[in-house]
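Reviewing the structure listed below.
The values are calculated or read from the model by the stated rules, or taken from the named source; none is laboratory data. As the structure is a computational prediction, the values presented were derived from the model and not from experiment. Note that each Cβ is placed from the backbone with ideal geometry, even for glycine, and that neighbours are counted across all protein chains shown.
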Amino acid sequence: MEQRVFVYGTLKAGFRNQHWNGARLLGRYRTVKRYPLLLLGPACLPWLSEEPGRGEQVIGELYAADAAQLARMDELEELDKPDWYRRGEIELEPEAGGERLMALVYFGSPKRAAIETVHAGPLLEYTLEIEQRFLRLRTVQQDAAADAARFSIPRY
């Protein structure tokens with residue numbers, strides 16, 4: 001049996017983790033309630049914090065996923081890590097307007113959002129332009145950390 005899954009970050013079509021998805025695209029949707037979509041932590045992860053009423057009506061993609069596809073997405077989102085992602089339900093509406101529906105979503109823990117560096121947000125949508133800009137930032141940060149370790153440069 002297929003379940004509807006709302007994705008807002010790297011699982012979307014054309015993004016770096018699309019290959020983990022494999023589900024059937026149903027269309028572009030947005031959240032009915034406002035949520036903070038942030039870029040979080042050293043990996044600049046898209047993070048939909050489970051704090052309704054704050055942020056934007058986030059735009060993403062709705063997919064129909066079977067049990068195997070859902071299990072792959074669960075693996076990527078590391079549901080077993082404390083204060084990480086958890087699968088919940090969210091109310092959506094088609095971006096172009098239409099009937100509302102409920103779908104599964106991967107919420108990021110608000111506790112994690114409070115202790116990690118927030119690089120951007122709240123965002124209306126995680127776009128390819130945003131992904132490319134923050135992947136470059138992530139690479140610069142990783143290079144700086146590697147150089148510091150290699151040359152014993154103290155980090156301040």
Legend entry - Considering residues of the range 36-78 that are within 13 Å of the chain's Cα centre (by Cα) and free of Cβ contacts under 8 Å to residues at least 40 places away in the same chain only, the residue surrounded by the most Cβ atoms within 10 Å (Cβ to Cβ): E77
Legend entry - Only one of E89, E93, E61, E129 that is part of a helix (DSSP H, G or I) and acidic (D, E): E129
Legend entry - Test: L25 is under 26 Å from G97 (Cβ atoms) and hydrophobic (A, V, I, L, M, F, W, C): yes
Inset, instruction - Taking the residues in the range 128-156 that are surrounded by 14 or more Cβ atoms within 10 Å (Cβ to Cβ) and at pLDDT 85 or above as candidates, determine which candidate is farthest from Y35 (Cα to Cα). - result: R133
Inset, instruction - Please indicate, with yes or no, whether at least one residue in the range 116-123 is within 20 Å of V5 (Cβ to Cβ) and either under 16 Å from the mean Cα position of the chain (by Cα) or surrounded by fewer than 18 Cβ atoms within 10 Å (Cβ to Cβ) (or both). - result: yes
Legend entry - Single condition M1 does not satisfy, out of (1) in contact with a Phe, Trp or Tyr (Cβ under 9 Å, 6 or more places away or on another chain); (2) touching a residue at least 12 places away in the same chain (Cβ under 8 Å); (3) over 16 Å from L124 (Cβ atoms): (1)
